[in-house]
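The values are calculated or read from the model by the stated rules, or taken from the named source; none is laboratory data. These numbers were taken from a predicted model, which means no experiment stands behind them. Cβ: placed from backbone, ideal geometry, glycine included. Neighbour counts: every protein chain shown.
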Amino acid sequence: MKKLVSLLLMTAIIISAATAADPVKIDALILPKFENGEMSGDFPGEAQYYHEAYTEGGDVYDIPGAPAGHQLYVKDGIALFVTGMGKVNTAVSLTSLLTDDRFDFSDAYFLATGCAGSSTEYTVMGDVFIITATIDFDLGHHADPREMTSGAVETWFHDASYDDASFKLLNQELAETVYQMTKDADVRTTEKTAAFMAAAFPGEEWAQREPMVLKGTTVTADNYWKGYYDEANARLMTETYGAPDPYALSEMEDNAIAVTLDRFGLLDQLIIIRDSVNMDVFMLGATPESLWDPNFQDSLSSEDSVEAADIFATAMENNFKVGSIVIDAIKAGTL
């Protein structure tokens with residue numbers, strides 16, 4: 001009987017050891033937020049260039065808790081998962097991955113990537129940013145400008161009770177290493193976009209320069225906002241939280257990724273690379289109605305929209321030029 005018990009215990013130990021060795025080790029997890037159409041071969045979204053280069057032809061996994069149709073792609077230690085847009089989608093998707101015992105993310109780098117709207121005076125469309133801090137645009141107190149009595153442009157008020165979730169400082173040493181590694185990447189604009197910027201901001205030197213790789217702070221909102229009031233709010237938030245680099249971009253997911261990784265003790269392994277595909281203010285006479293109401297001729301659904309400068313595909317390529325340097329370094333073990 002004792003021999004049988006010992007044999008059963010030994011068998012259990014062996015099975016347990018085998019199970020512990022089973023998880024797929026992930027070296028880098030690429031986190032785009034949406035894709036246009038198919039994952040390869042058509043007009044690129046945030047995922048396509050990375051999928052074609054690193055995960056196409058690899059293993060594909062269904063993830064419980066993921067948005068419908070979204071799968072995890074894994075090849076040679078590099079994984080890619082399209083999280084879905086917005087903070088809730090992103091947080092739930094990433095949590096679903098981190099708690100899936102089929103995978104080991106303990107030593108992985110997390111590369112959050114995608115497009116964004118960018119601030120005036122610091123950025124141009126086509127820029128690529130290495131993000132050093134994330135801010136949640138929605139946490140705090142917001143007033144409608146029509147309700148303000150002070151005459152202030154800013155309509156956001158800080159509430160320190162949200163600070164643990166509203167501001168995340170990324171690993172500055174890692175961000176600097178990535179910046180130094182990628183700052184000379186060949187990022188470009190198009191003739192149409194360059195002309196668009198020149199017409200929108202006549203005589204402004206900052207608007208005439210070529211795209212660059214820069215460092216900056218990103219502000220994450222649950223809505224696609226635009227306008228000088230909210231740009232002023234984003235600048236105030238960046239100053240209030242003491243971010244190390246200027247407000248650069250507005251997007252809808254990165255602070256959620258940072259908060260989620262922080263809860264799992266993985267924040268220091270986060271890298272964020274974002275490219276600019278539009279500006280965060282109205283330009284060339286555009287109004288909220290003309291951009292967002294589909295009944296207007298100059299809406300975002302129209303190819304003639306003042307927002308439809310042909311930068312998107314070029315900016316996605318710029319992002320990949322920068323991000324691929326990072327992924328290649330991870331694969332080579334030099335990061």
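With respect to ILE257, is the statement that it is closer than 19 Å to ASP127 by Cα and either of a type in the set (Ser, Thr, Tyr) or at pLDDT 90 or above (or both) true?
no
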Practice task
Specify the residue that is surrounded by the fewest Cβ atoms within 10 Å (Cβ to Cβ); the eligible residues are those in the range 230-248 that are assigned to a helix (DSSP H, G or I) and of a type in the set (Gly, Ala, Ser).
Solution key: ALA232
Exercise for the section: Tell me, yes or no, whether the range 262-272 has at least one residue that is touching a residue at least 40 places away in the same chain (Cβ under 8 Å), out of contact with any strand residue (DSSP E or B) (no Cβ under 7 Å at 6 or more places or on another chain), over 30 Å from LEU98 (Cα atoms) and among the acidic types (Asp, Glu). Expected result: no
Exercise for the section: Kindly establish whether ALA175 is of a type outside the set (D, E, K, R) and over 30 Å from ALA112 (Cα atoms). Expected result: no
Practice task
Quick one: count up the residues across the range 139-151 that are surrounded by fewer than 13 Cβ atoms within 10 Å (Cβ to Cβ) and in a loop (DSSP other than H, G, I, E, B).
Solution key: 4
Exercise for the section: Sort out for me the strands (runs of 3 or more DSSP E) sitting completely within the range 59-133 that have 3 or more residues that are touching a residue at least 60 places away in the same chain (Cβ under 8 Å). Expected result: 109-118
Exercise for the section: Those residues that are in a helix (DSSP H, G or I), among the β-branched types (Val, Ile, Thr) and buried (at least 20 other Cβ atoms within 10 Å of the Cβ), I need them from the range 152-195; list them, please. Expected result: VAL178, THR182, THR193
Practice task
Considering every residue within the range 100-121, establish whether at least one is of a type in the set (Asp, Glu), under 30 Å from GLU204 (Cα atoms) and either surrounded by fewer than 18 Cβ atoms within 10 Å (Cβ to Cβ) or out of contact with any strand residue (DSSP E or B) (no Cβ under 8 Å at 6 or more places or on another chain) (or both).
Solution key: yes
